[in-house]
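First comes the structure, then the notes that go with it.
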Amino acid sequence: MAKRKTLKFGIFQYWKPTPLFFRKIGDTCLGVSAFLATTEVVSPHKATAVLILGIAGKVFTNLFSHE
C-alpha cells in the first residue's frame, strides 16, 4: 500500500519542493495581481497593494511541502 505524505508548513519548508496544488495557487495569485497592477484597472495606490498581496500569496504558498 502506498504511504501517504503529510503536508508540512513552516519557514524551513521554503526551499523544499512545493506540492503542485499550492504552486498553481501561488502562480495564479502572482499572475492575477501582476495583470491588475499593470493594466491600471485600479488606482495606483490600489495597484501597489494588489501587487504586494500577490507576491505575499506566492511566498506564502511556497512555505508548504510534503514530508
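None of the figures in this text is laboratory data; all of them are computed from the coordinates on show. Given the structure is predicted, the values throughout are model-derived calculations rather than measurements. In this analysis, Cβ positions are derived from the backbone assuming ideal geometry, glycine residues included, and neighbour counts consider all displayed protein chains.
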Q) Remind me, relative contact order of the chain in percent, using alpha carbon pairs under 8 angstrom and six or more residues apart? A) 56 percent
Q | Restraint check, K3/K24; K8/K58; K24/K46, Cα-Cα greater than 21 Å | A | K3/K24; K24/K46
Q. Which residue, chosen from L30, G57, W15, occupies the Cα position most advanced towards the positive end of the dipole of the chain, where the dipole is computed from +1 (Lys, Arg) and -1 (Asp, Glu) charges on Cβ about the Cα centre?
A. W15
Q) Between region 1-26 and region 36-65, how many Å separate their Cα centres? A) 22 Å
(Q) Restricting to DSSP H runs of at least four residues, report the calculated mean residue ellipticity at 222 nm for the chain, -39500 (n - 2.57) per run over all residues, nearest 500 deg cm²/dmol. (A) -19000 deg cm²/dmol
